[in-house]
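Sharing a structure here in structure tokens format.
The values are calculated or read from the model by the stated rules, or taken from the named source; none is laboratory data. Bear in mind the structure is a predicted one, so any value in this text is a computation, not a measurement. Every residue, glycine as well, gets a Cβ built from its backbone with ideal geometry; the counts of neighbours run over all protein chains shown.
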Amino acid sequence: MNSIRRNPSLAAGGTLVALLAAIAIFGPLLVRANPDAIDLPHALAGPGARHWLGCDSLGRDMLARIVWGARLSLGVATAVAAISLSIGTLIGGGAALAGGRVDNLVMRAIDVVLAFPGFLLAIALAAILGPGLADLVVALTAMGWTGYARLVRGEILSLREREYVEAARALGARPSRLLIRHLLPGIAGPVAVQATFGVGGIIIAEAALSFLGLGARPPAPTWGNMLEAGQAFILVAPHLTTAPGVAIGLSVLGFNLLGDGLAQLIGRRR
Amino acid sequence: MIRYLARRLLALVPVALGVVTLTFALIHLVPGDPVSAMLGDYAAPADVAQMRHALGLDRPIGQQYIGFLYGLAHGDLGQSISQHEPVARLISERFPATLELTAAGLLAALLIAFPLGLIAGANPGGAGDLGAMGFAILGISVPHLYLGPLLMIVFSLDLGWLPLTGRGGLAHLVLPAITLGTALAAIVARMLRQSLVQVVGADYMRTARSKGLSRRAALIRHGLRNALTPVITLIGLEAGALLTGSIITEMIFSWPGLGRLLITAINNRDYPLVEGCVLTFALSYVIVNLVTDFLYRAADPRIRLE
């Protein structure tokens with residue numbers, strides 16, 4: 001109870017994210033309706049006893065689509081965050097450890113990518129690669145890895161000067177051991193904070209790409225696709241946009257709160 | 001100051017060249033053949049070859065790149081395939097609309113953020129703080145894809161106060177500007193609050209109060225000015241993002257700007273036009289970042305320009 005009062009963001013964000021994860025993992029097992037089953041007589045039906053969140057323009061059950069969409073949208077977002085983080089850590093960490101000319105060259109290249117607006121890069125890549133889940137992941141990853149590379153490089157450069165790392169080096173620890181035992185655990189906190197905020201940003205970017213018709217191919221129930229499809233019926237069936245809109249909003253809220261809470265937690269521990 | 005500006009402009013050259021090269025590489029090197037995408041899978045080989053030749057895609061990649069740079073230096077971005085007009089002309093027709101929307105979005109963000117941040121920062125922990133910051137968290141979380149249509153329903157369709165879509169007078173700008181600016185407003189309001197809370201405890205604030213200034217006067221005259229630096233930094237960092245955020249806003253409100261031109265070009269597989277739009281966005285982003293960086297250094301004399 002005490003810790004909740006001290007860090008309400010962490011508690012609220014953690015609960016929300018855990019809830020969303022549970023929906024994404026177990027939801028499809030609990031909701032019996034098929035998210036792709038077309039049932040034209042029920043097209044645009046409002047929320048009711050049989051269809052809790054109503055039906056879309058093809059009579060597909062909105063609850064089932066939201067729940068399956070959680071799996072897709074959150075899955076894509078976490079995958080993109082994990083891949084961006086790995087690439088960024090490899091490149092940023094490698095640059096920091098190599099130092100000198102390599103470091104300089106890598107950082108200049110990253111500056112150029114960063115000078116390019118991230119969302120535009122994702123749009124251009126998605127447009128050229130074509131619609132599809134894997135291409136979507138590539139486009140979104142291209143947008144995000146540079147941030148991690150910069151962060152990891154900066155953190156490692158500053159950690160390297162700390163006494164405990166110097167002590168380990170003086171004791172004869174090899175670079176690989178130094179990296180795994182001493183440097184990576186030290187940067188885990190800030191990287192976790194950035195990744196948590198990152199997931200929220202990716203969820204919005206994924207929805208935006210789908211909205212532009214550049215995301216996962218339409219029958220796929222991503223929240224962005226649903227928002228886009230609902231747009232045409234916003235006057236007659238506003239529940240088609242409300243459901244995915246609220247789902248996206250709650251997810252972003254959850255990850256932002258969790259990120260805030262984690263940042264507070266790390267800040268206090270340091 | 002002038003030497004600093006000159007140095008920054010000089011440093012802009014390699015960055016701009018990098019952005020140009022990246023744009024070129026995106027269109028020409030990423031797998032996926034624009035010609036077969038344009039003509040479809042069942043096009044006759046002769047047609048494909050002719051199209052490749054017409055677009056200059058049958059030349060070696062190095063030659064294409066040099067040609068691209070040469071054209072760029074002469075303000076020539078090629079010919080749009082779907083609209084049969086020079087890409088440069090199409091872009092220059094649409095770009096002012098995007099600039100107008102972006103500027104309005106920035107203004108809307110500031111108009112929302114400052115009252116919220118001031119209310120929250122002046123009385124941290126109070127009801128105003130809770131309300132303002134709750135609103136800010138909502139603002140960050142609601143995707144503008146959803147906020148836009150929501151605003152349209154309430155203010156255009158139900159209340160009939162504002163036009164639904166399109167570009168026109170000031171009234172047409174209000175809803176798109178709010179849609180575009182809300183996320184930034186939320187971030188800025190939070191930063192302003194945090195910055196104000198820190199400033200309130202400073203020695204010069206105690207001096208101002210002991211001099212007999214009211215709380216409000218001390219806050220506005222002394223606190224706000226000092227709390228502004230991190231806020232300006234943040235606005236500078238985020239202003240460029242407004243430019244690309246406008247793409248979505250333009251699609252929602254049928255705003256005739258560069259973003260809609262880009263998406264239409266993508267849907268038409270009009271690669272020269274896609275390339276031109278991407279390049280214009282990216283270079284504007286670089287320039288916006290340079291300008292905001294410069295403004296923020298000019299605003300705070302403590303930041304040395306060296």
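Here are B:149, B:163: which of them is touching a helix residue (DSSP H, G or I) at 6+ places or on another chain (Cβ under 9 Å), modelled with pLDDT under 85 and outside any helix (DSSP H, G or I)?
B:163
Sticking with this one: Specify which of the listed residues (A:101, A:65) is farther than 24 Å from residue B:18 by Cβ, more than 14 Å from every other protein chain (Cβ to nearest Cβ), of a type outside the set (A, V, I, L, M) and assigned to a helix (DSSP H, G or I).
Selected residue: A:65, the only one of A:101, A:65 that is farther than 24 Å from residue B:18 by Cβ, more than 14 Å from every other protein chain (Cβ to nearest Cβ), of a type outside the set (A, V, I, L, M) and assigned to a helix (DSSP H, G or I).
Hey, another quick one. Given the criterion away from chain B (no Cβ under 12 Å), more than 30 Å from residue B:251 (Cα to Cα) and buried (at least 16 other Cβ atoms within 10 Å of the Cβ), identify the matching residue among A:167, A:149, A:188.
Being away from chain B (no Cβ under 12 Å), more than 30 Å from residue B:251 (Cα to Cα) and buried (at least 16 other Cβ atoms within 10 Å of the Cβ) holds for just one of A:167, A:149, A:188, which is A:149.
If a residue must be of a type in the set (Gly, Ala, Ser), in contact with a Leu (Cβ under 9 Å, 6 or more places away or on another chain) and within 14 Å of chain A (Cβ to nearest Cβ), how many such residues does the stretch B:124-183 contain?
Of the residues in that region, 6 qualify.
Restricting to the stretch B:10-54, name every residue that is over 22 Å from residue A:129 (Cβ atoms), modelled with pLDDT of 80 or more and within 11 Å of chain A (Cβ to nearest Cβ).
B:12, B:14, B:15, B:16, B:17
Given B:259, B:276, which one is touching an Asp or Glu at 6+ places or on another chain (Cβ under 6 Å), within 25 Å of residue B:79 (Cβ to Cβ) and buried (at least 22 other Cβ atoms within 10 Å of the Cβ)?
Residue meeting the stated conditions: B:259.
Follow-up. I'm trying to understand the selection: among the residues of the stretch A:204-217, which are assigned to a helix (DSSP H, G or I), more than 8 Å from chain B (Cβ to nearest Cβ) and either over 16 Å from residue B:249 (Cβ atoms) or aromatic (Phe, Trp, Tyr) (or both)?
As a first pass, look at the stretch A:204-217 and keep what is assigned to a helix (DSSP H, G or I): A:204-211.
Now narrow it down to the ones that are more than 8 Å from chain B (Cβ to nearest Cβ): A:205-206, A:209-210.
Listed by number, the residues that qualify are A:206, A:210.
If the requirement is being assigned to a helix (DSSP H, G or I) and either at pLDDT below 75 or more than 21 Å from the chain's Cα centre (by Cα) (or both), which of these qualifies: A:19, A:29?
The unique qualifying residue is A:29.
Would you check which residues across the stretch A:107-146 are closer than 24 Å to residue B:15 by Cβ, more than 10 Å from every other protein chain (Cβ to nearest Cβ) and either in contact with a Lys or Arg (Cβ under 8 Å, 6 or more places away or on another chain) or not hydrophobic (A, V, I, L, M, F, W, C) (or both) and list them?
A:107, A:110, A:141, A:144, A:146
So which of A:245, A:201 is in contact (Cβ under 8 Å) with a residue 24 or more places away in the chain, surrounded by 17 or more Cβ atoms within 10 Å (Cβ to Cβ) and within 14 Å of chain B (Cβ to nearest Cβ)?
Exactly one residue qualifies, and that residue is A:201.
What is the residue count in the stretch B:190-225 for residues that are in a helix (DSSP H, G or I) and within 26 Å of residue B:134 (Cβ to Cβ)?
Counting residues in the stretch B:190-225 that are in a helix (DSSP H, G or I) and within 26 Å of residue B:134 (Cβ to Cβ) gives 17.
Kindly provide the set of residues from the stretch A:226-238 that are touching a residue at least 60 places away in the same chain (Cβ under 8 Å) and part of a helix (DSSP H, G or I), ordered by number.
Across the stretch A:226-238, the qualifying residues are A:226, A:229, A:230.
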